[in-house]
Amino acid sequence: MAVKIYVQKCSDYSQAKVAVGKLLDKLSPKLPEKGVVLLKPNLLMPALPERAITTHPAVVAGVCHWFRTHYPGAKLYIGDSSGCLGLAGTKLAFKTCGLVKLAEEYNAQLVPFESLPLIKNYNKHAKVWPKLSLPKLVVQADLIVNLPKLKTHSLTNYTGAVKNLYGCLPGGIKGEGHIVGANPHRFAELIVDVFEAVKPRVNIMDAVIGMEGAGPSNGQTKQTGYLLAGSDAVALDAVALKMAKIPESFVLTQTAAKERGLYPEYSIVGKFKPVKYKLPVRWKSMILSVLPSSIASAITSKMVQGFMKSPEIDYNKCTKCLTCVRICPAKAITTKAGLPVIHHDKCIKCLSCAEHCPEGAIHTKQNLADNLKRLFRGESDEETK
Ligand code: SF4
Ligand code: SF4
């Protein structure tokens with residue numbers, strides 16, 4: 001039977017509580033009376049809700065309200081691991097993203113995944129990452145409610161329901177994932193490994209105000225006006241991509257899910273008017289999407305990296321906070337005279353630094369010849385500044 005993806009109009013966040021309630025009424029998730037529900041919003045970084053980087057608190061509140069009404073005895077948790085900055089970063093994200101008060105109001109517990117025990121080597125059948133470790137709560141919750149935000153993404157072109165689950169990995173493990181999945185095809189497979197391990201039964205996407213352009217954190221906000229919901233994250237992403245007019249072939253997690261037989265038939269319940277989202281940079285996305293994964297893995301990772309965007313620091317905007325130095329999983333950013341310097345020979349182009357720079361001071365550049373020259377000569381930003 002085809003999976004149903006429900007579309008609910010929601011022009012602004014003041015309507016979110018009612019709109020989320022209607023969607024949950026339709027999905028009608030079943031739960032033991034005192035069951036454990038884990039809400040997984042997108043809390044990429046400590047950012048105010050109006051920046052549209054993170055799932056809006058009104059959507060999270062709507063979900064809490066519905067479960068408190070229908071399952072008053074349920075144990076509600078709101079969990080995430082914000083970027084790669086560890087426990088302190090996630091605690092700050094809960095506060096800045098507006099979740100502390102609502103957690104109190106609905107008697108929900110905020111859980112930074114960094115603080116939880118892990119189950120190691122969880123998905124032994126994973127294609128790319130059998131050593132994947134997940135927090136015990138993610139594995140043992142009776143119900144996971146995945147709450148992604150509709151955004152474009154400089155590395156993966158799009159981030160939605162499937163990609164949001166990458167945040168189930170606590171800080172440092174996410175960094176490890178970027179090393180294991182060192183090219184876009186492999187990274188997409190790795191994200192699908194995580195999706196297969198987590199498989200949330202309820203997915204509700206905040207597409208009220210999304211982000212286009214240089215997402216997931218440095219793009220422009222995009223008024224879209226909808227919430228989407230369904231029991232399957234891949235099918236939900238398929239509908240969100242139609243809504244944002246992003247070609248599905250540009251999104252490698254969708255391709256990987258299809259190849260693994262994880263792409264169900266679906267039907268859309270409700271209507272929407274598509275809103276065209278600008279992609280990070282179009283020609284580069286096209287090159288990567290037409291490159292079959294078999295070819296991508298057959299050629300060297302350095303060649304693949306030549307096609308990928310490089311991070312560039314705008315020293316006029318940099319405030320020397322050194323978040324990028326702490327976050328870089330490849331240890332490719334060091335400091336000189338207090339300023340961050342990128343060593344392109346070590347950089348794996350994961351773009352975590354650009355994602356998490358609070359000043360938007362790290363841009364991406366797409367010059368194939370320049371990329372290859374830097375990779376093979378081992379240049380750093382300092383030399384090219
Ligand atoms: S994260 Fe951004 S502002 Fe902070 S040091 Fe790095 S480039 Fe500069
Ligand atoms: S420099 Fe930036 S893009 Fe390169 S590996 Fe480090 S975090 Fe990733």
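All but one of (1) closer than 30 Å to Glu212 by Cα; (2) touching a Lys or Arg at 6+ places or on another chain (Cβ under 8 Å) hold for Lys95; state the number of the condition that does not hold.
Answer for Lys95: the failing condition is (2).
Sort out which residues of the stretch 318-343 are free of Cβ contacts under 8 Å to residues at least 40 places away in the same chain and farther than 21 Å from Gly172 by Cβ, and write them in order of number.
Within the stretch 318-343, Lys320, Ala337, Gly338, Leu339 meet the criteria.
Please name all residue pairs, on different chains or six or more residues apart, with Cβ atoms under 9 Å, provided the first residue is in the stretch 170-194 and is under 18 Å from Val251 (Cβ atoms) and outside the structural domain of Gly83 (by TED's automatic domain parsing) and the second residue is modelled with pLDDT under 95 and of a type in the set (Gly, Ala, Ser).
none
Go through Pro329, Pro274 for me and flag whichever is modelled with pLDDT of 80 or more, under 23 Å from the mean Cα position of the chain (by Cα) and exposed (fewer than 13 other Cβ atoms within 10 Å of the Cβ).
The unique qualifying residue is Pro274.
Can you spot a residue in the stretch 207-216 that is in a strand (DSSP E or B), farther than 18 Å from Pro247 by Cα and either in the same structural domain as Leu116 (by TED's automatic domain parsing) or under 12 Å from the mean Cα position of the chain (by Cα) (or both)?
Restricting attention to the stretch 207-216, the residues satisfying the condition of being in a strand (DSSP E or B) are 207-212.
Subsequent filtering for residues that are farther than 18 Å from Pro247 by Cα retains 208-209.
Subsequent filtering for residues that are either in the same structural domain as Leu116 (by TED's automatic domain parsing) or under 12 Å from the mean Cα position of the chain (by Cα) (or both) retains 208-209.
There is at least one residue in the stretch 207-216 that is in a strand (DSSP E or B), farther than 18 Å from Pro247 by Cα and either in the same structural domain as Leu116 (by TED's automatic domain parsing) or under 12 Å from the mean Cα position of the chain (by Cα) (or both).
What single numbered condition from (1) surrounded by fewer than 21 Cβ atoms within 10 Å (Cβ to Cβ); (2) touching a Lys or Arg at 6+ places or on another chain (Cβ under 6 Å); (3) farther than 28 Å from Ser310 by Cβ fails to hold for Gly213?
If we test Gly213 against (1) surrounded by fewer than 21 Cβ atoms within 10 Å (Cβ to Cβ); (2) touching a Lys or Arg at 6+ places or on another chain (Cβ under 6 Å); (3) farther than 28 Å from Ser310 by Cβ, just (3) comes out false.
For the stretch 122-205, which fully contained helices (runs of 4 or more DSSP H) count at least 2 residues that are under 25 Å from Ile246 (Cβ atoms)?
In the stretch 122-205, the matching helices (runs of 4 or more DSSP H) lie at 161-164, 171-180, 184-198.
Go through the residues of the stretch 218-229 one by one and say whether even a single one is small (Gly, Ala, Ser) and at pLDDT below 95. Write out each step before concluding.
At the first step, the residues of the stretch 218-229 found to be small (Gly, Ala, Ser) are 219, 225, 229.
Still in the running and at pLDDT below 95: 219.
Yes.
Per-residue answers, yes or no, for (1) touching a Gly at 6+ places or on another chain (Cβ under 7 Å); (2) over 23 Å from Pro29 (Cα atoms):
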{"residue": "Gly79", "(1), (2)": "no, no"}
{"residue": "Ser82", "(1), (2)": "yes, yes"}
{"residue": "Ala108", "(1), (2)": "no, no"}
{"residue": "Phe113", "(1), (2)": "yes, yes"}
{"residue": "Pro130", "(1), (2)": "no, yes"}
{"residue": "Val139", "(1), (2)": "no, no"}
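Can you name the helices (runs of 4 or more DSSP H) wholly within the stretch 1-109 that have at least 3 residues being surrounded by 22 or more Cβ atoms within 10 Å (Cβ to Cβ) and in contact (Cβ under 8 Å) with a residue 40 or more places away in the chain?
Ranges flagged: 16-27, 57-70, 86-96.
To keep it simple, each residue is scored yes or no on (1) surrounded by 16 or more Cβ atoms within 10 Å (Cβ to Cβ); (2) modelled with pLDDT of 55 or more; (3) in contact with a strand residue (DSSP E or B) (Cβ under 9 Å, 6 or more places away or on another chain); (4) within 23 Å of Gly213 (Cβ to Cβ).
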| site | (1), (2), (3), (4) |
| --- | --- |
| Ser285 | yes, no, yes, yes |
| Thr335 | no, yes, yes, no |
| Leu351 | yes, yes, yes, yes |
| Ala369 | no, yes, no, no |
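Considering only the stretch 313-333, state which residues are touching a strand residue (DSSP E or B) at 6+ places or on another chain (Cβ under 8 Å) and within 10 Å of ligand 1 (Cβ to nearest atom).
Ile313, Asp314, Tyr315, Cys318, Lys320, Leu322, Cys324, Val325, Ile333 - these are the residues of the stretch 313-333 that are touching a strand residue (DSSP E or B) at 6+ places or on another chain (Cβ under 8 Å) and within 10 Å of ligand 1 (Cβ to nearest atom).
Exactly one of these conditions fails for Lys136: (1) farther than 19 Å from Leu116 by Cβ; (2) without any contact (Cβ under 8 Å) to a residue 24 or more places away in the chain. Give me its number.
Going through the list (1) farther than 19 Å from Leu116 by Cβ; (2) without any contact (Cβ under 8 Å) to a residue 24 or more places away in the chain, Lys136 breaks only (1).
Going by what's in this entry, would Gly79 be described as at pLDDT 95 or above and in the same structural domain as Lys163 (by TED's automatic domain parsing)?
Numbers: at pLDDT 95 or above: yes; in the same structural domain as Lys163 (by TED's automatic domain parsing): yes.
In short, yes.
The values are calculated or read from the model by the stated rules, or taken from the named source; none is laboratory data. The model shown is predicted, which means the values in this text are computed figures rather than measured ones. As a convention, Cβ positions derive from the backbone with ideal geometry for all residues, glycine included, and neighbour counts pool all protein chains shown.
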